[in-house]
Amino acid sequence: MLVLGIESSCDETAAAVVKGGREVLSGVVAVQDDLHRPYGGVVPEMASRRHLEVCAPVVGRALAEAGIGLDDLTGLAVTRGPGLMGSLLVGLNLAKGLSLVTGLPLVGVDHLEAHIFSGLLAARPGFPFVALVVSGGHTNLYLVRDLGRYELLGATRDDAAGEAFDKVAKLYGLGYPGGVAIERTAAGGDPARIDFPRPMLGDGSLNFSFAGLKTAVVNFKRADPGEVSVADVAASFQRAVVEVLVEKSRQALRRTGCRTLIVGGGVAANSSLRDGLALMAAEEGAGLFLTPKALCTDNAAMVAFVGTFRLMRGERLDLSEDAYSRPVRSGG
Ligand code: KG4
Ligand code: ZN
């Protein structure tokens, strides 16, 4: 089974070839950081135009790096949503075109489902498990009963965790994308220096809120005469986010009785979050499956991976089907 995955839901154009639902033969990711850096966030219209320029060449490179041609493939998988509509349509339309000319079967993959299963490329724990997807657009906890059978246990009420990282980085002029910049700056700082709020931590729900935390940093900066180093602010902010994510994940494990936690999405690349989750999982006696760092931010290997299982089930995307921008509510 050789599956080509295509991903273009936000600002990364990616293509990858995955063999047998396990081995990543190639993975190409074209980032657009240079394009969006001056704005401190993704500009949708510019993102879709860049996808249009690079999407076909990125697919060509992924095939070349895998040492195969279109003829060698078994199937195609593409992200259908959620994401930016203009961006999604570029990858989806290219995938449809490829399917049409080659006759290869095509499946649509949900971007959030791809983030959930990116933690399982190397290992296969049994169902059910708890999944934390923590990215620039989402902060979701799921009870995963099977591929396609999810119960949303909790989600952010406002900003996603990655969004909070990006906004705080922008506030302090630390660079774009913000998560990596905050992590780098925080490395030299004291995480106990400022006691930022831990929003919704003790409220008994599995929901999140990060907008108030970002506002607390804004207010702190306004009031600070410049005594506290940016490293201390970054480290204290990062600790607040990590603590909320870790504790809510712990509560999700306890509430569901699951013994396994899977973690994916861009923010899952954060070392301090990875360390915090590892400690918590050890305390809870739970198995932890962290997505490899290289596959945390958007990529196509995770799309090809989920696509492989959907193709094996006989699923097919009708060539008249559309992309979707909002998350799908799937049944538990
Ligand atoms: O999964 P992703 O590539 O795109 C979405 O689906 O949203 O996640 C991107 C997000 C951005 O907000 C970025 O700042 C954050 O992930 N991120 C990080 C790190 N690397 C990326 N956040 C914290 N620490 C990191 N090392
Ligand atoms: Zn993503």
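The values are calculated or read from the model by the stated rules, or taken from the named source; none is laboratory data. Since we're looking at a predicted model, the values are computed, not measured. As a convention, Cβ positions derive from the backbone with ideal geometry for all residues, glycine included, and neighbour counts pool all protein chains shown. For the accessible areas, the whole protein counts, side chains as well, though only heavy atoms, and no ligand, DNA or RNA atoms are used. Shrake-Rupley method; radii C 1.70, N 1.55, O 1.52, S 1.80 Å.
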Considering only protein heavy atoms, what is the solvent-accessible area of Glu321 at a probe of 1.4 Å, reported in Å² to the nearest 10? 60
log10 I(q)/I(0), Debye, Cα-only segment 123-291, no solvent, q = 0.12, 0.16, 0.18 Å⁻¹? -0.51, -0.87, -1.07
With label points built 7 Å along Cα→Cβ from the Cα atoms of Ala192 and Arg145, find their separation and express it in nm. 4.5
Considering only DSSP beta bridges where both residues belong to the chain, give the percentage that are antiparallel (nearest 5). 60
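Once you've got the Cα coordinates, tell me which of Lys248/Lys293; Lys19/Lys96; Lys214/Lys248; Lys19/Lys248; Lys221/Lys248; Lys167/Lys248 are over 25 Å apart.
Lys19/Lys248; Lys221/Lys248
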FRET efficiency for Ser320 and Ala122, using Cβ-Cβ distance with R0 set to 35 Å, rounded to 0.05: 0.45
Could you compute the FRET efficiency for Glu284 and Val228, with r as their C-beta to C-beta distance and R0 at 45 Å, rounded to 0.05? 0.85
Among Leu174, Gly40, Val107, pick out the residue whose Cα is farthest towards the positive end of the charge dipole of the chain, where Lys and Arg carry +1 and Asp and Glu carry -1 on C-beta, about the Cα centre. Val107
Under the rule rounded for a/c under 1.5, else prolate if a/b exceeds b/c, else oblate, using alpha carbon gyration tensor axes a ≥ b ≥ c, segment 97-170 is classed as oblate
Excluding ligands, DNA and RNA, the carbon-plus-sulfur percentage of the accessible area of segment 123-291 with a 1.4 Å probe reads 50
